[in-house]
Amino acid sequence: MKVIHALLKLSLFASIILMTIQCKTSKKPINTMDEEWITIFNGKDINDWTTKIHHYEVGNNYGETFRVEDGLIKVRYDQYEGDFNDRFGHLYFNTPYSYYHVSLEYRFVGELHPGAPSYTLLNSGIMFHSQDPRSMLKEQDWPISVEMQFLAGINEREERPTGNMCSPGTDVVYEGKIDPRHCINSTSETLYGDQWVKAEAIILGDSLITHVINGKPVLQYTRPQIGGGVANGYDPAIKVDGKRLKEGFVALQSEGQPIDFRNIKIKNLKGCTDPKAKNYKTYYIKSDPSACSY
């Protein structure tokens, strides 16, 4: 087992080094200046985002669950009537991606809303490769997607890593085979309190996915695909088990625990890889000839 863990750790670091130091076809170092990142939250509003909350139609941001204050996206429940009532919600950025690097910071605040499941205490996440929220039915609880789960420690000396993988309506290949677990723990340390945590996911279409917490790779898996359980109330035509997930939407999660998000950005890793083109970038992983401009 120690050998397996050592090989996995080496593989994780090799993947990150490959993506942040060089591209597949060039010896030039990758430029990591800010203009390569797309800031998807402007600090002022969520006009470029769409809300879908369980029991409500798409676009209904019930109780201002997702709101912008102090330059942050805040998830709050102070305007809810009654208990939580499984009003799991997600806030989707309106542009889908296939090969991309998403980065954000989060912190847990406040108290769990009454009636929320106990497992959602100090629990949230970001979904990626998600189905379009407009394809979700009113009574669908979770989007068919892959989740990078965020957790914080509850009891001292009790490990509760963050940056885990959860799979509502999906499956992934972990350590060479489809893993039957709904959630796979990362190797991150347990983080306590309301500290800001930097979380990143590097998603390469339907192949390799890497989770990074505070700059350290903590989990890696491959071949995301539709399958498994947990998601309920979906349109059966959407859930085609075995279909590989090559692209989708990014969404912030709401499941009863107040949380803040900031510095949300994406680096698109799919584009023109022809050095002769005006818009050639060394950091593109996936070639898209149709995107080239000469």
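The values are calculated or read from the model by the stated rules, or taken from the named source; none is laboratory data. Only a predicted model underlies this, so the values are computations on that prediction, with no experimental measurement involved. Every residue, glycine as well, gets a Cβ built from its backbone with ideal geometry; the counts of neighbours run over all protein chains shown.
At-a-glance table
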| quantity | calculated |
| --- | --- |
| Qualifying positions in region 38-60 - within 17 Å of the chain's Cα centre (by Cα) and surrounded by 14 or more Cβ atoms within 10 Å (Cβ to Cβ) | 38, 40, 41, 49, 50, 51, 52 |
| Candidate set: region 247-278, residues that are out of contact with any strand residue (DSSP E or B) (no Cβ under 8 Å at 6 or more places or on another chain) and of a type in the set (Lys, Arg); chosen: the one nearest to residue 36 (Cα to Cα) | 278 |
| Tally, over region 158-173, of residues that are surrounded by fewer than 18 Cβ atoms within 10 Å (Cβ to Cβ) and within 29 Å of residue 234 (Cα to Cα) | 1 |
| Filter result for the condition that a residue is at pLDDT 95 or above, of a type in the set (Gly, Ala, Ser), surrounded by 15 or more Cβ atoms within 10 Å (Cβ to Cβ) and over 22 Å from the mean Cα position of the chain (by Cα), over 63, 89, 125 | 63 |
| Odd one out for residue 115, checked against (1) at negative phi; (2) at pLDDT 95 or above | (1) |
| Unmet requirement for residue 241, which otherwise passes all of (1) over 24 Å from residue 124 (Cβ atoms); (2) in contact with an Asp or Glu (Cβ under 6 Å, 6 or more places away or on another chain) | (2) |
| Residue within region 272-294 that is surrounded by 18 or more Cβ atoms within 10 Å (Cβ to Cβ) and assigned to a strand (DSSP E or B) present | no |
| Subset tally (residues that are more than 17 Å from residue 147 (Cβ to Cβ) and part of a strand (DSSP E or B)) for region 239-248 | 1 |
